[in-house]
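The values are calculated or read from the model by the stated rules, or taken from the named source; none is laboratory data. All figures in this text were calculated on a predicted structure; none of them were measured in a lab. Cβ: placed from backbone, ideal geometry, glycine included. Neighbour counts: every protein chain shown. These area figures cover heavy atoms from the full protein model, side chains too; ligands, DNA and RNA do not enter into them. Shrake-Rupley method; radii C 1.70, N 1.55, O 1.52, S 1.80 Å.
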Amino acid sequence: MADPTKTLCPYCGVGCGLEVLPPAIPGKAVNRDKDGTPLWNVRGDRTHPSSQGMVCVKGATIAESLHKDRLRFPMMRDALDQPFRRVTWEEALTKIVDRIRLVKFTQGVDAIGMYASGQFQTEDYYIAQKLMKGCLGTNNFDANSRLCMSSAVAGYLQSFGADGPPCCYEDLEQTDCAFLIGTNTAECHPIVFNRFRRYHKKNSDVKLIVVDPRCTETAAAADLHLAINPGTDIDLMYGIAHLLLRWGDLDKAFIESHTNGFEEFKEVIRHYPPDVVAIRCGIAETELLTAAHYWSSAKRVLSMWSMGVNQSSEGTAKVRAIINVHLMTGQIGKPGAGPFSLTGQPNAMGGREAGGLSHLLPGYRSVTNPGHRAELETFWQLPTGSISSNPGLTAWEMITGLETGNLGMLWVAATNPAVSMPDIERTKAALRQSPFTVYQECYYPTEMADYAHVLLPTTQWSEKTGVMTNSERRVTLCPQFRVAPGEARSDWEIFAEVGRRLGYRKQFAFNYAAEVYAEFVRLTRDRPCDQSGLSHTYLREMGATQWPFSSKAEPTQQKVEKAKRLYTDLKFHTPDGKARFSQVYSRGLAEPPDDNYPFVLTTGRLYGHWHTQSRTGRIEKIRQMYPNPFIEIHPRDAEKLGIQSDDWVEVRSRRGTARFPAKVTKAITPKTVFVPMHWGALWAENAEANALTHEIACPDSKQPELKACAVQLIPVKAIENSNASTHLVASPS
Ligand SMILES: Nc1nc2c(c(=O)[nH]1)N[C@H]1C(S)=C(S)[C@@H](COP(=O)(O)OP(=O)(O)OC[C@H]3O[C@@H](n4cnc5c(=O)[nH]c(N)nc54)[C@H](O)[C@@H]3O)O[C@H]1N2
Ligand SMILES: Nc1nc2c(c(=O)[nH]1)N[C@H]1C(S)=C(S)[C@@H](COP(=O)(O)OP(=O)(O)OC[C@H]3O[C@@H](n4cnc5c(=O)[nH]c(N)nc54)[C@H](O)[C@@H]3O)O[C@H]1N2
Ligand code: SF4
Ligand SMILES: [Mo]
């Protein structure tokens, strides 16, 4: 039998290793989809250190999505109200290159914007940076990581002097206390959760604390679930810090030698005594005391977080508040301990390494740093001053750029902003105004296709070769094993071809993804994300490998050991080598509930679905798991509204409305409601979470507060019975 192809699951940032075999395995019936299409066999890769053979339902069913509804040929139209017509690549590329030249000439290069995704491979990211930030000279490249990980990036950078999660998955099995805040790990990072759960079940003295306004599957497994009011994470962290300080449970030697700013932080947490914090968070004081007690009695505390922390108007401050508590207790740089952001997408980490946000450059560099710009200009053989010193437009600023007309061309790839952006009606209106939008996608239809002038068919995972980095900094090679449908091309190849046509032949003289990666890793040498010792060949032969992994002569095993955790020498990437405490007070939600909009709506994910359903909506098993969207409402609120499960509810925010059947459940905190983000216009009528959300963002990370907005709930039967519905707005208090 042929050897299986070893690769990585292309869904979440856990980054599970997969083994893939052709549909026909000798001695077995050919594996087929219901429509008769032969399906590749997918199973967990036991040799992959991150996942040890485990997979969740998404990884297990990926093969069923690969052949359905694929975009096969380039398509074009002159206006959005026209039908698409099939064109050749030559026509499409000529059109794009002409338009780039025109916009550059008439509006300037900063009128061009590219919006891409953590579902790019590192090679795609890198070539896009070289084209946009290097050759074209605009930093207007942003990714959906802006909606996802940018608060974690900003928090790490401010506290440690560099991005990069310091921990590894082995820490899950070496900790005394896992502190999960703003993460539904059981549904969204299932294999990380499984690894911890196995260990937790075997070790009764190990504690699990979960901080989430909802009693998720994750929270249900906790020793302590703190169902805090949305947006009160900083209060909670400072409340814990206050108690640890009061009890003298500090690592004074660590604070003294390896940090700055503790005295100022002490002054801040003085204002967070347990009685005040308990009221703000909506928890009992005893629960807060228990959390602080668990924290203080654990030798090793591992914090993990994701969108409940990052997607906030104070996202960076939340991240730093978590890090502060690690710093005051010396809980970092050792096994089983540290602040660990769980990355959302399969290669959001690689995106950060390759400079895939509008303020970054490849190799954890910054556009505002003149030395960094000069290094890249020399490396890319571009004239001095080619790279702009201005941070480019963020995802949302591209939307407002379309509104004002400042953006003359939008290029979207591997993301579906017509569903995933905040304030979706405003987003769609802006997209409709775009003079020229290019959209690179592997499926058709998706919601975003409605807003494109040019559709470019791309290969996806399984049809292209490249690398991805998971949450624990582990780089896995994902080799091509299937033939791409129709005329699909890989994202990086499209960018490189446009670059060559714009005259940058030597900058884009690549034939293979391996060459692209080889160039990129040279740029990481001696940087915090050093992977100069890696190559496609190395990864193929040696398997998935964590960075830092330099090209310096050193025994491999030594490099591997050192790469497990960052900051084991307690030297941080700041100029004086010390980590920094933050001193920011909590502010709470950007749009708190009021008499008119009395509920807090929070949004998020379900175990089986992936984002806007481009893949999972096309997999029958997963569709059956979740036949329709819904809204979670606490029984107390439901009673006041006079509704029961399956009754339809209209949800209104200051920006829009949507309708959902109610799911009455105690799993949600009273006065808070929850809607999954997965149903865009293609998959349900009027059930878009983002019809309701707002774009107000963290001032540091520019990450929008997708986790909370103020809404009213109105039973649909009441609307149908009466035209004057205003007096029916239910108040939860
Ligand atoms: N099944 C599945 N898995 C996925 C994805 C998917 O689409 N489907 N997407 C991937 C991606 S890109 C990402 S970013 C991750 C996201 O992974 P998670 O962040 O775990 O997922 P979410 O459901 O968005 O939000 C997590 C939790 O935050 C809670 N929350 C809301 N507001 C607050 C708050 O103010 N404070 C706190 N402490 N908690 C709050 C919500 O109740 C929710 O349970 O998942 C990744 N994995
Ligand atoms: N209300 C609300 N909104 C949210 C969130 C939330 O929690 N609540 N979460 C936010 C977060 S964290 C995220 S990450 C975003 C995700 O939001 P999106 O990025 O919009 O979601 P996806 O459905 O993953 O879209 C990715 C698209 O890329 C395509 N694709 C896959 N592989 C490739 C490839 O190799 N090349 C190309 N060109 N295309 C490819 C897929 O078919 C898919 O259509 O949503 C954000 N929006
Ligand atoms: S946990 Fe994430 S990476 Fe692993 S199989 Fe599931 S979706 Fe894929
Ligand atoms: Mo994400």
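Residues whose amide H comes within less than 5 Å of that of CYS442, counting only those at least five positions distant or on another chain, are THR458 (H built at 1.01 Å from N in the peptide plane).
Judged by the mean number of other Cβ atoms found within 10 Å, the most tightly packed of the peptides 98-105, 653-660, 466-473 leads the ranking 466-473, 653-660, 98-105. Listed by chain and number, the aspartates and glutamates placed with their C-alpha closer than 13 angstrom to that of LYS564 are GLU170, ASP171, GLU472; residues fewer than eight positions away on the same chain are left out. Here the gap between HIS271 and ARG32, fully extended at 0.36 nm per residue and compared with their Cα-Cα distance, gives a gain of 79.8 nm.
Size descriptors for the range 599-729: radius of gyration and Dmax over Cα atoms are 15.0, 47 Å.
Across every direction, the projection of the convex hull enclosing the Cα atoms of the range 1-68 has a mean area of 4.8 nm².
With the simple model of a label 7 Å out from the Cα in the direction of the Cβ, SER366 to ALA253 spans 3.3 nm.
Averaging the sequence gap over all C-alpha pairs within less than 8 Å and six or more residues apart, then dividing by the number of residues, gives the range 307-399 a relative contact order of 14 percent. The gain in end-to-end length when the THR665 to LYS201 segment is fully stretched comes to 164.4 nm, 0.36 nm per residue minus the alpha carbon separation. To the nearest 0.05, what FRET efficiency results for LYS506 and ASN721 with a Förster distance of 60 Å applied to their C-beta separation? Computed FRET efficiency for LYS506 and ASN721: 0.25.
Qualifying GluC sites (Glu not before Pro) in the range 651-697, where qualification requires a DSSP coil assignment and no more than 16 other C-beta atoms within 10 Å, comprise GLU685. For the pair MET542 and GLN433, a Förster radius of 60 Å applied to the C-beta separation gives a FRET efficiency near 0.75, rounded to the nearest 0.05. Backbone amide hydrogens, once placed in the peptide plane, bring CYS177 within less than 5 Å of LYS207, ARG300, LEU302, excluding anything fewer than 5 places away on its chain. Accessible area of SER532 (1.4 Å probe, protein heavy atoms only, ligands and nucleic acids ignored): about 20 Å².
Pairs of Cα atoms nearer than 8 Å and 6+ residues apart set the relative contact order; for the range 569-700 it is 27 percent.
Note on the range 581-645 and the range 347-367: Cα centroid distance 31 Å, given to the nearest whole angstrom.
Residues whose amide H lies under 5 Å from that of ASN140, counting only those 5 or more places away or on a different chain, are LEU393; hydrogens are built 1.01 Å from N in the peptide plane.
When the Debye formula is applied to the Cα atoms of the chain, each taken as the same point scatterer, what base-10 log of I(q)/I(0) results at q = 0.07 Å⁻¹? At q = 0.07 Å⁻¹ the computed log10 ratios are -0.46. Between the C-alpha center of the range 512-571 and that of the range 382-439 there is a gap of 34 Å. Lys-Lys pairs in the range 150-341 that are eight or more residues apart or on separate chains and whose Cα atoms lie under 16 Å of each other come to 4. A protection proxy built from the mean count of other Cβ atoms within 10 Å ranks the segments 315-323, 413-421, 268-276, 615-623, most packed first, as 315-323, 413-421, 615-623, 268-276. Just the number, please: percent antiparallel of the DSSP beta bridges in the chain, rounded to the nearest 5. For the chain, the DSSP antiparallel bridge percentage is about 45. In plain terms, the chain from ARG618 to ARG101 could stretch by 182.3 nm, reckoned as 0.36 nm per residue minus the Cα-Cα distance. Protection proxy ranking of 69-80, 155-166, 217-228, 109-120, by the mean of other Cβ atoms within 10 Å over each peptide's residues and highest first, is 109-120, 155-166, 217-228, 69-80. For the range 193-210, putting each phi into the Karplus relation 6.51 cos²θ - 1.76 cosθ + 1.60 with θ = phi - 60° gives couplings of 5, 4, 4, 5, 4, 4, 6, 4, 5, 7, 10, 5, 7, 7, 9, 10, 10, 10 Hz, in residue order, rounded to whole numbers and with x for Gly and Pro. Helices in the chain, meaning DSSP H runs of at least 4 residues, each add -39500 (n - 2.57). Divided by all residues, the mean residue ellipticity at 222 nm is -8500 deg cm²/dmol.
With θ taken as phi - 60° and the Karplus curve 6.51 cos²θ - 1.76 cosθ + 1.60 applied, the whole-hertz 3J(HN,Hα) list for the range 509-516 is 8, 9, 9, 10, 4, 4, 5, 5 Hz, x standing for glycine and proline. Extents of the range 150-341, taken as max minus min of Cα coordinates on every principal axis and listed largest first, are 40, 34, 32 Å.
The mean of 1/r over all pairs of different alpha-carbon atoms in the range 267-393, once inverted, gives a Kirkwood hydrodynamic radius of 18.0 Å.
Once you reduce the range 140-180 and the range 221-268 to the center of their Cα atoms, the two points are 18 Å from each other. The equivalent ellipsoid of the range 176-255 has semi-axes of 24, 18, 10 Å, largest first, where each one is the square root of 5 times an eigenvalue of the Cα gyration tensor. Working from Cα pairs under 8 Å separated by at least six residues, relative contact order for the chain is 19 percent. Residues in the range 497-503 carry Karplus couplings, in order, of 5, 4, x, 4, 5, 7, x Hz; the curve used is 6.51 cos²θ - 1.76 cosθ + 1.60 with θ = phi - 60°, and Gly or Pro positions show x.
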